[in-house]
Amino acid sequence: MFDKDMRKDNTEIQESENTQLQNKESQNQESESHTAGHYQYEKETDEQIRRHYQPQDHKRKSRRHSSARTMGIAAAMALVFGMAAGATYHITGNMADRAVAAESTEAGSGQIAAAGTVNESKAAQAEAVSQDTTDETAEADTGSSEVQTAETVSAKDSSSDTSGNTVADVAENSMPFMVAITNESTQTVINYFNNRQYSWPEESTGSGVIIGENDDELLIVTNNHVVADADSLTVCFSATPENEDDAEEAVVEALVKGTDSTHDVAVVAVKLADIPDWVKSQIRVASFGDSSELRLGEQVVAIGNALGYGQSVTSGYISALNRDVTIDGLTNSMIQTDAAINGGNSGGALLNMNGEVIGINSAKTSGEGVEGMGYALPSNTVAPIVEELSSITTRERVTDSSEQGYMGITPEDISEETKELYNIPSGTLVYYVEDGSAADEAGLQRGDIITSIDGIAINSSDELYNRMEYYKAGEQITLTIERQTENGGYEEMDVTLTLGNRPDSQNTSSDQGSSDSSDSSGDGSQDVSPFEQMFPELFN
């Protein structure tokens, strides 16, 4: 009986061990399958793109209309950030002035505080420890509209000595000025076999950095490709509510204030009135460093909304400086780093070890055999652009086509090869001007190159169409154009015009005139490009 029971027990034990082993092997196979599948996806992608520079926003397609707000809420609930109370600081300069923090005792100003640097935080902590704190029971009024200042981080005598600062120090100091951005747009294609148009919603995610505020808005810098073609934008702040039910309040609607597609920079605005006081008490304004002082091999930290999961931190080193990177025909001088830059990191911060923003993460090289080649726009390039974009009036898209402003032109894009061959400025070509239209009355001419609208750079007809969706009939706009001179060069000038109403018979998909690129001059020459029709002497 004992032997039988023992054999039974041994059998049960053996069966249990076999079951555990099978489960473990099954898990390993699933893990290997997942890894292999992921590798295959990356491999196929690499073979397709073959070392192309890839903007690092993260896109997802959906058959159903998805909610950016719901996604932002999930991201908000996934973020956990430590906040420490300390001395109150207020911003005394703008981003271009490196956002210098100054101590202030004023209350109720409602001004978003500066994050300061890691060394400043440590110095402030050391000073606080040495003081005799007689009122330890005093509590901050979190219900006020004032945004408190972040503590600084290091007690070193020299503010430039960052040798003792860790990645954790930088991350803790920087999270309060990082945001996650969700872009909801509509993608449309035409099936030329049945001449039907198909549309579906698409969601993309990116990152942003809080860089200041005005009387009514909080201002955030990001990449232009993060906010391009947006039907709606939402921003998720790095703030932790006391009650999880309030997490939804950390996700706020935003508007595109201004863009510079040439440098892939955009400024997003959030109405201060839409930001709850408890969020204001935790968010901060970033400090910008001098990117010209960077050295090869210097350690840096990248923070961004990688893959849309919420803010993540990676670290690496400066691999190269002043690296020319060309994306979609536009070349910019960038910082190269081996810090991991993934989809969703676009618009996020590249920081030095003092917690200063020295770059805006924008792209990476993808290709077979390529690793650790990410790129960021230098802070010294971004700062003046952002300062200019921040002065632009924030506009909302005009959704009623009958109210949209009408310029009365047909724009046409010029290939990069043609621009380079004939030294043509970047912009969109005025291929046709409608008689009696607003453009005609303002003196716009066939052959002019439109380079900006009210200070916002225009590099293609799509960008022109997109920007015009923000103007109503009757509004006055200023176009910056390049006009060809008698000696063959180009002269820059401003043209001011008052937008008219869209003709009832006009195709509502076009914003300026006919979007059809077929021959509008009536000469029947549809077999050659519009640019060749206009300037045939260049092609003889």
Residues of the stretch 377-421 satisfying the condition of being free of Cβ contacts under 8 Å to residues at least 60 places away in the same chain and aliphatic (A, V, I, L, M) | LEU421
Does TYR490 satisfy the condition of being over 30 Å from LEU233 (Cβ atoms), open to solvent by 70 Å² or more (accessible area, probe 1.4 Å), hydroxyl-bearing (Ser, Thr, Tyr) and at pLDDT 90 or above?
-> no
Scanning for something exposed (fewer than 12 other Cβ atoms within 10 Å of the Cβ), in contact with a strand residue (DSSP E or B) (Cβ under 9 Å, 6 or more places away or on another chain) and not polar (S, T, N, Q), does the stretch 221-242 turn up at least one residue?
-> no
Is it true that some residue in the stretch 383-404 is part of a loop (DSSP other than H, G, I, E, B), under 20 Å from GLY329 (Cα atoms) and in contact with an Asp or Glu (Cβ under 9 Å, 6 or more places away or on another chain)?
-> no
Confirm whether ILE360 is open to solvent by less than 30 Å² (accessible area, probe 1.4 Å), under 15 Å from the mean Cα position of the chain (by Cα), within 21 Å of VAL179 (Cβ to Cβ) and not acidic (Asp, Glu).
-> yes
Identify, by number, the condition in (1) at pLDDT 95 or above; (2) over 27 Å from GLY289 (Cα atoms) that ASP400 doesn't meet.
-> (1)
Output for the stretch 407-446, where each listed residue is of a type in the set (A, V, I, L, M, F, W, C) and modelled with pLDDT of 90 or more | MET407, ILE409, LEU429, VAL430, VAL433, ALA438, ALA439, ALA442, LEU444
Just give me the residues in the stretch 418-443 being open to solvent by less than 10 Å² (accessible area, probe 1.4 Å) and either of a type in the set (A, V, I, L, M) or not in a loop (DSSP other than H, G, I, E, B) (or both), in sequence order.
-> THR428, LEU429, VAL430, TYR431, ALA439
Is it fair to say TYR309 is aromatic (Phe, Trp, Tyr) and over 21 Å from GLY206 (Cα atoms)?
-> no
Does any residue of the stretch 480-488 turn out to be under 12 Å from MET407 (Cα atoms) and out of contact with any Gly (no Cβ under 7 Å at 6 or more places or on another chain)?
-> no
Is it true that LEU479 is in contact with a Pro (Cβ under 6 Å, 6 or more places away or on another chain), under 21 Å from ILE392 (Cα atoms) and among the aliphatic types (A, V, I, L, M)?
-> no
Out of curiosity, is TYR432 over 32 Å from the mean Cα position of the chain (by Cα), under 29 Å from SER185 (Cβ atoms) and not polar (S, T, N, Q)?
-> yes
Considering every residue within the stretch 364-373, establish whether at least one is open to solvent by less than 20 Å² (accessible area, probe 1.4 Å), assigned to a strand (DSSP E or B), in contact with a strand residue (DSSP E or B) (Cβ under 9 Å, 6 or more places away or on another chain) and within 21 Å of THR222 (Cα to Cα).
-> yes
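The values are calculated or read from the model by the stated rules, or taken from the named source; none is laboratory data. Bear in mind that the values here come from a model prediction, so they are computed numbers and not experimental data. We place every Cβ from the backbone using ideal geometry, glycine too, and count neighbours over all the protein chains shown. For the accessible areas, the whole protein counts, side chains as well, though only heavy atoms, and no ligand, DNA or RNA atoms are used. Shrake-Rupley method; radii C 1.70, N 1.55, O 1.52, S 1.80 Å.
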